[in-house]
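Okay, so here's the structure we're looking at.
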Amino acid sequence: MSIGRVVPSTSRLLLFAVATWLLIGAAGAQTLSASIDASLYGYLDQYSMNTENNFVGDEACVPTSSTNAMTLLQNLYPSIYGTSLTGTTYSNWHDTDNTLISLYGTTGGNNGGTYDNRFVNEFYKYIVVDNGFTNTTFAGVFPSNDGWTVKYPAPSWVTFGEPTANFLYNSLVNASGLLLGISYSNSSGVATSGGHELLANGIVWDTTTNTGTISFIDPLDPSSSKVDQAATYINGSSATPATAYDQSTGPALGTTGKLSLTSNGTLLLEYDQYDVTGITVPNPTSANYDRVYATIDTALSVGVVPEPSTYALLVLGFVFYGVIAYRRKKLGLQ
């Protein structure tokens, strides 16, 4: 299933999903495949935030990916969200990111970043409570020991455990923003140090071999226009003005990485990550890409409540699939 630039209704999106699922099931295929057009996402660069908040851009992957995810929701569901979540310009996105940085408590520096417990609670509050979009749905998979507190408890829509390929696939099929928390590791999935937040837009997964690919918007390298990368790397003591990034015209850039399972069943990502160290104006095309490995430790899906007609389509789909399965069995087909 692929969601393109034409923005369909929720019912139509899920009708396509049901049709795709039925065709795969009828043919006995073992591949899960879903994608959303990368150009529908925001392309805010996390390093746009380097002139504020004590040069927090280096650690702003979570609020930046959240902003780009909300831009996706606006583009997919304009009749619901309008432009209320992130606005319409890069400068609007920049301001939204600043708001989320404050709400999330994101900090810069060597020990900076964003804590999951505060992120999931404040993200929900920003969309549902502060902006009043009560028809927004959330679903997440996070560790049980992820620092949950009385102030920032695990929401009822969070499941404890590790994200699965099925969870990622179902989120994308349902046209949701899908944020992935990754922890850097070696090629075997053994943790090293550090982490990052990505915004998934596609997955292809072979359920037989437990291998596949995943596509995503990386806040380190989110735009097809490299102008937004034309800035000196921030070392904590100096910063290129954010206007160097604000010249980006997009569209969002989808990065693809390899996906597999480790020996203990954790999803392992392998991809070439953009390295901004040493990149200087006016030669942004001299960027370096470093091969990185990381386990996918958390997943947060943000979408909309299905329309009533959608449920009818799903019921019809299940009935149709049941008829196909019965006929195949009756004919003695494998």
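What follows is calculated from the coordinates using simple rules that are stated; it is not laboratory data. Here the structure is a predicted model, which is why all the values come from computation and not from measurement. Every residue, glycine as well, gets a Cβ built from its backbone with ideal geometry; the counts of neighbours run over all protein chains shown.
By the count of other C-beta atoms within 10 Å, a proxy for reagent exposure, Asp221, Asp290, Asp146, Asp45 are ordered fewest to most as Asp290, Asp146, Asp221, Asp45. Note on Thr99 and Asp290: their simple-model spin labels are 3.4 nm apart, each label 7 Å out from Cα toward Cβ.
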